[in-house]
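Only one structure is covered here, and it is reproduced in the block below.
The values are calculated or read from the model by the stated rules, or taken from the named source; none is laboratory data. Not measured: the values here are computed from a predicted model. Please note: Cβ atoms are built from the backbone with ideal geometry, for glycine as well, and neighbour counts cover all protein chains shown. Calculation scope for accessible area: heavy atoms of the full protein, side chains included, ligands and nucleic acids excluded. Shrake-Rupley method; radii C 1.70, N 1.55, O 1.52, S 1.80 Å.
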Amino acid sequence: IKMTPDVSEINGLWSSCTMTISEYDIGSPPPPKEESEEEGEELGCDLTSLDVYNMVKDSLEKQKDKPLPVTMEIQIGQDGNGNINIIDEEGEKTAMQATYKYGTITASINEEGAVASFTGYIKRQGEAITLSGGFEISLSEGGWVKGSWEGTK
């Protein structure tokens, strides 16, 4: 039995996965700006960049160190290239370009200036195939979020 699963074994739905934020830095609060109010009005909302900053910070603080359930679907070709789709509660998919080679899977996405990169190690454990690794997200405003991801197929 090979300890490293091949692509045909890792492809498909991974329903028992989690992502855990372990640390983050979203920088210091933005200074109050007159322009930010005008920008907010153009978008049809009254949020200032400080409001957005506080919402993001509160959200990250609530999620920190709590494993969040995630469903993902791996679609890798025999050449080792493909996608990982992260599927939210509503069934919406976010696709990340992925590469799988010798038990290591790497994936990345660049969305609206935020860049996320994932590295994971996939191996056989008894009947199950497991994934464990880390991720780092660079936020467009200059902050970052780091954490871990795990899964069992």
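Which numbered condition in (1) among the aliphatic types (A, V, I, L, M); (2) touching a residue at least 60 places away in the same chain (Cβ under 8 Å); (3) out of contact with any strand residue (DSSP E or B) (no Cβ under 6 Å at 6 or more places or on another chain) is the only one that I122 fails?
Result: I122 fails condition (3) only.
Of all the residues that make up the range 101-130, how many are of a type in the set (F, W, Y) and open to solvent by 20 Å² or more (accessible area, probe 1.4 Å)?
Residues that pass the stated criteria total 2.
Select from the range 53-88 the residues that are among the acidic types (D, E), within 18 Å of G133 (Cα to Cα) and surrounded by fewer than 16 Cβ atoms within 10 Å (Cβ to Cβ) and list them in ascending order.
Within the range 53-88, just D65 meets the criteria.
Is the range 89-97 home to any residue that is in contact with a strand residue (DSSP E or B) (Cβ under 8 Å, 6 or more places away or on another chain), at pLDDT 95 or above and open to solvent by less than 40 Å² (accessible area, probe 1.4 Å)?
yes
Looking at the range 94-137 only, could you name the residues that are assigned to a strand (DSSP E or B), farther than 23 Å from K64 by Cα and among the charged types (D, E, K, R)?
Passing the criteria: K101, K123, R124.
Consider K33 against the criteria (1) at pLDDT 75 or above; (2) surrounded by 11 or more Cβ atoms within 10 Å (Cβ to Cβ): it satisfies all of them except one. Which criterion is unmet?
K33 satisfies all of (1) at pLDDT 75 or above; (2) surrounded by 11 or more Cβ atoms within 10 Å (Cβ to Cβ) except (1).
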